[in-house]
Amino acid sequence: MYIDIYIAIPLWIFAIFGFIYFLFRVYESLDLYRKRKQGVCTLVISAKNQEDIIEGLVRGFILKSGMDSTEEKLLHIVLLDMGSADNTLKIMENLSYDYSVIKLLNPDNLPVYLKNMI
């Protein structure tokens, strides 16, 4: 008779703490969702004669932003070509066609673009 009570009490304690932990995790995930929804991150990358690294750099940022769900989502990448003499501009154009989050701009148009984002 007493053995059933000794088993039932710890089980109820574990159940109550498990339910409290579950509620805490739900609240935490909702809080992260609200924070993520509010934050918009714009990354501006300017490059000149960087054809060797620009594609890997941009794709790395995109992969990193999509893999970790606790960080803010990377929503906009602005690429600026500062007068490259190599294939940097062509690579940037290809990236902007491949990804909808990438915008290729002339450096003179950057202030106007950022002003419209606010």
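Give, in nm to one decimal, the length gained when the segment between I13 and L57 is fully stretched (0.36 nm per residue of separation minus the Cα-Cα distance).
10.8 nm
Quick check: residue separation of I45 and H76 times 0.36 nm, minus the Cα distance between them. What number comes out in nm?
Working it through step by step, the gained length comes to 10.1 nm.
Which value in nm describes the separation of the simple spin-label points at I20 and V112, placed 7 Å from the Cα toward the beta carbon?
Going from the I20 label point to the V112 one covers 5.9 nm.
Readers should treat all values here as calculations from the given coordinates under stated rules, not as data from a laboratory. Predicted model, so just to flag it, every value in this text is computed and none were measured. Here Cβ is always computed from backbone atoms with ideal geometry, including for glycine, and neighbour counts include all displayed protein chains.
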